[in-house]
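Asks: This is the structure I have questions about; it appears just below.
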Amino acid sequence: MKKLSHREILKIKPSVAAVKRKRRNPIYIILDNVRSMYNVGAVFRTSDAVLVKKIYLCGITSYPPRKEISKTALGA
């Protein structure tokens, strides 16, 4: 398997408009008292990959924008 360059990745990466047009799966995630900001970021990133419809943050759960969440979520 060949390692792709940054330019090659940008060629195959879908646009923001194309991602917004995709149909979301009817999956709802509830995060209640998740104290680790890195875990919250990981859930955002994973949810973005599987096209989750909504994420609810409850209790003592960190919420964006936070540096640690953004770092883990990678812009998801």
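Asks: Taking the criterion of being without any contact (Cβ under 8 Å) to a residue 40 or more places away in the chain, open to solvent by less than 100 Å² (accessible area, probe 1.4 Å) and in contact with a Leu (Cβ under 6 Å, 6 or more places away or on another chain), would at least one residue in the range 9-27 satisfy it?
Replies: yes
Asks: I need the full set of residues from the range 39-76 which are among the hydrophobic types (A, V, I, L, M, F, W, C), surrounded by 15 or more Cβ atoms within 10 Å (Cβ to Cβ) and either modelled with pLDDT of 65 or more or farther than 23 Å from K22 by Cα (or both), in order please.
Replies: V40, A42, V43, F44, V52, I55, L57, I69
Asks: In addition: Scan the range 4-46 residue by residue and report those that are of a type in the set (K, R) and closer than 20 Å to C58 by Cβ.
Replies: R35, R45
Asks: Ok, one more. Given (1) hydrophobic (A, V, I, L, M, F, W, C); (2) over 15 Å from the mean Cα position of the chain (by Cα); (3) open to solvent by 70 Å² or more (accessible area, probe 1.4 Å); (4) under 20 Å from P64 (Cα atoms), where does I30 come up short, assuming only one miss?
Replies: (2)
The values are calculated or read from the model by the stated rules, or taken from the named source; none is laboratory data. A quick note: this is a predicted structure, and the numbers were derived from the prediction, not measured. Counting neighbours? That spans all protein chains shown, and the Cβs are built from the backbone with ideal geometry, glycine included. Please note that ligands, DNA and RNA were not included when accessible areas were found on the heavy atoms of the full protein model with its side chains. Shrake-Rupley method; radii C 1.70, N 1.55, O 1.52, S 1.80 Å.
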